[in-house]
Amino acid sequence: METKLDPAKDDLPLMANTRHMLVKHYVLDLDVDFKSQVIEGTIVLFFEPGSRCKKGGSAGEGACLSQSDETFKIRASEPCHSPVTNLSARSSKTGYNDFSVCAKGEKDTSDKNGNHSNGEQASGISSSKNCCDIETHGSEDFLLVLDCCDLSVLKVEEVDVAAVPGIEKFTRSAKLTDAEELRNLRNQIVHELVTLPADHWREQLYYYTYCSQAPGCGELPFSTGTWSLEIRKAEVQAPRDFPHAIRIWYKTKPEGRSVTWTTDQSGRPCVYTMGSPINNRALFPCQEPPVAMSTWQTTVRTASSFVVLMSGENSAEPAQLQEGLLSWYYYVTMPMPASTFTIAVGCWTEVKQESHTADVQINNEFSSLFSRADLRLIKGSCGHVAYPCRFQNPAASSQLVIPHRVFAPWCLKDRCAEILLELIPQCLSAAHAILGTHPFSRIDVLIVPSNFSSLGMASPHIIFLSQSVLTGGSHLCGTRLCHEIAHAWFGLAIGARDWTEEWISEGFATYLEDVFWAVAQQQLPHDEAREQQELKALLRWRRLRDEVQNSKEELQVLRPNKENTGEVSESGTCIIKHGLNAEKIFMQVHYLKGYFLLQSLAKKIGEATYFEFLRKFVQKFHGQLILSQDFLYMLLEDIPEQKGYGLSVENIIGAWLDTSGIPKPLLEECQSWDQCRLVQQVNDEVTKWIQANQRARKRTKRKRRQDEVAFRKLAGLSVTLKIFQLEQLLPDQLVLLLESLLEEKMLCLRILQCLEKTYHLDEQDAEVRHRWCELVVKHKYTTRYAEVEKFLKEDQAMGVYLYGELMVNEDAKQQELAYKCFAATQKQMDVSSAKVVAEMLF
């Protein structure tokens, strides 16, 4: 089944027929081979019939239980290191060395696309009608459709879960008379397993492990398309009769778009998921639609020089399988979309605190506010399907700082120790003060390679940060860390039911980033925090205004599907509008318009009331998927006095979510930010620099003696500005200063030199240095082109549009610099970045 896409458009298809069959759990068993740049192994999928096939209530519903209530006392990690009952389920691996895991398997019989069939190619079952019309029990076999791309699928088979020792406890009858009853028995076992109560999560993982290692009981015909893997079983015409446990042998392709193979900053090989637009379908066959919320467990084998980090509740410790070969095991018991699965394999070094860590303190105002509200909230029940939930565990609810680890390439170890180790507990504690219970039990923070196309990315139990956040002071690192921590609540614990509503994740994280950071800066008075937030609002307003002026209107809408948001086809397939648009990945409209909407609501309601509502919202919707109206309806119902402001769900959606351009309410608010004290300070300095520039330009028309006198006056200005620098010009003030000076038509060389010296611009954080590089390019400050080159190579998360600046001036030296930097970084750039830059250059 191939959804017909318009090749002129950039939509992303989600092909999985989730309304027919729904994955409840994945078991991955993988080998990582750095020599061939391939990940190879098996994945076992455990299914339940989808919503169209169920009669009655949803399986697995019920009150969630505390993670401390487990009754089956085993070590969940041990089964994954035990002998496999079916040895053919694992690849034979030999020849391990420091940097490679070399596979020696069977002869590759794949076609030119790397795809295999199990004897019978399912070429005659490609129409969507055959797959989706499950009510008609005719001659057509049911098709299971999974999202799959850039994978070589080698074999698919049904798993004989009935062969697992001790599995009898999940069966109602031991008498089997025919093949149909045996098939029903297997499906019954899977049903009982996936619907075990939440307090049996350890027992559930135990049996998932051994069921995944059970022998096969028949190969299944399959075929692969551009975006999908289609599987069927002869004479099975309904999802309820289709095997509920299947095993897929597959391997990734080096060019696969879900992971990137590269080297870290120390020159060692690594591979990681970098937040690709196609998500994880090129890492393993899966169901991509967000509604397919599942759990997973993963075993990864690789050479002993590598560390495997992954989305997992446990802090995995490696098990040695043989000399030079380690096995790592992670698991997740909170159902989440498969797109949130994250892995990073590299020669990472754990960064540890050498001395004792100071006790974390938080603003008493927020601390008391939380303690009053959250103790009431944890008494209520949760609204999600059953899983071991931290929100019902009093010990977890009172945990200000969750366990955390920091990993980085060896060469960045000291910088991480200096910056990150102190910031993480402060930011975690601040987040807890605002929103309460941390949704996840632990977190790893990894500094990823320089080709990472963002400043950060949050996934369950793991955060990726760009090396760009480590330069300058702690401001950029702290604010970005707060942003990614906020995603634990908005984006992960609470997700968007429709991927096009990115603002639900990014708008909330951007808004909460400021709130968390203000609390994390322990000694910051309330008035100063407010002023910093007003300064930040002005910078974001300028950015949004520029983006709206320079982007297509259709990309500026926060709810592009409008009244059809959240709708899917009869089978569960859907299209993500502009999901493959490379330019969209670098746009911030969803961040910024979402942020301004939330800020506007907070101003009307009042911060204390607003934060208390957010905690109620998190309590009600954690572990679930939402649409915009779920948030807005609850807000207006919980705070009915807001109707006096003329607010309604319809008005908010119309003004903020369903239209392009700048929302009208925002145009009224933006004038006030210019009056902020911190902004006025910058405006005064901009005026001084402009006046100095005017004097300096006049010097060129005077005699040399007069020129020397004028330059001495300019030096006096530099001294004056240094005195102001001693009053600590904030990083965001520097950004505004440089952005304002970028609006000047011409700055002379000596002004640029004084700017650089006065503010030590080469030592500032990446946001400031980015604006400095723009000034260097605009005014052709050739002696500083080396700084531009360094930025393009080391700060790839922020440097994409600098290429455009280098090309637009049509200056030969600048264009040569652009070509040189792109040639040096192109091979390791992620696909979207490389595409955008190539369009600028060629």
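When you filter the GluC sites (Glu not before Pro) in segment 547-651 for DSSP loop state and at most 13 other Cβ atoms inside 10 Å of their Cβ, you are left with E567. Surface analysis of segment 481-531 yields an accessible area of 26 Å² per residue, using protein heavy atoms and a 1.4 Å probe.
Starting from the Cα gyration tensor of segment 552-612, take the square roots of the eigenvalues, sort them a ≥ b ≥ c, and report rounded, prolate or oblate (rounded when a/c is under 1.5, otherwise prolate if a/b is larger than b/c, else oblate). Here segment 552-612 falls in the oblate category. Pairwise Cα separations in segment 515-653 fall into 5 Å bins from 0 onward with the following percentages, short to long: 2, 7, 14, 17, 18, 19, 14, 7, 2, 1, 0, 0. For segment 420-510, the relative contact order is 26 percent, taking Cα pairs closer than 8 Å that sit 6 or more residues apart in sequence and dividing their mean separation by the residue count.
The order of the peptides 779-789, 274-284 by mean Cβ neighbours within 10 Å, most packed first, is 274-284, 779-789.
Using +1 at the Cβ of each Lys and Arg and -1 at the Cβ of each Asp and Glu in segment 650-697, identify which of S660, Q691, Q681 lies farthest towards the dipole's positive end. Of the options given, the answer is Q691. Checking every one of the GluC sites (Glu not before Pro) in segment 160-261 against DSSP loop status and a limit of 16 other Cβ atoms within 10 Å picks out E235, E255.
Mind checking segment 641-696 for trypsin sites (Lys or Arg not before Pro) that DSSP puts in a loop (not H, G, I, E or B) and that have at most 16 other Cβ atoms within 10 Å?
none
Size descriptors for segment 278-337: radius of gyration and Dmax over Cα atoms are 13.6, 42 Å. Mean projection of the Cα convex hull over all viewing directions, computed for segment 459-594: 10.2 nm².
Can you give the Kirkwood hydrodynamic radius of segment 406-498 from its Cα pairs, in Å with one decimal?
Taking every pair of different Cα atoms in segment 406-498, averaging 1/r and inverting gives 13.5 Å.
With N as its number of residues, segment 202-266 has a Cα radius of gyration that, divided by 2.2 N^0.38 Å, comes to 1.59. Counting only DSSP beta bridges with both residues in segment 437-489, the antiparallel share comes to about 50 percent. Under a 5 Å amide H cut-off, with hydrogens placed 1.01 Å from N, A16 pairs with D147, E288 among residues at least 5 apart or on other chains.
Database remark: amide H of W296 closer than 5 angstrom to the amide H of Y26, V332 (H placed geometrically; neighbours at sequence offset of 5 or more, or on other chains; Pro and chain starts carry no H).
With the convex hull drawn over the C-alpha atoms of segment 8-47, the volume per residue is 112 Å³.
The values are calculated or read from the model by the stated rules, or taken from the named source; none is laboratory data. On a predicted model such as this, the values are computed, not experimentally measured, just so you know. Every residue, glycine as well, gets a Cβ built from its backbone with ideal geometry; the counts of neighbours run over all protein chains shown. What goes into the accessible areas is simple: the full protein's heavy atoms, side chains included, and nothing from ligands, DNA or RNA. Shrake-Rupley method; radii C 1.70, N 1.55, O 1.52, S 1.80 Å.
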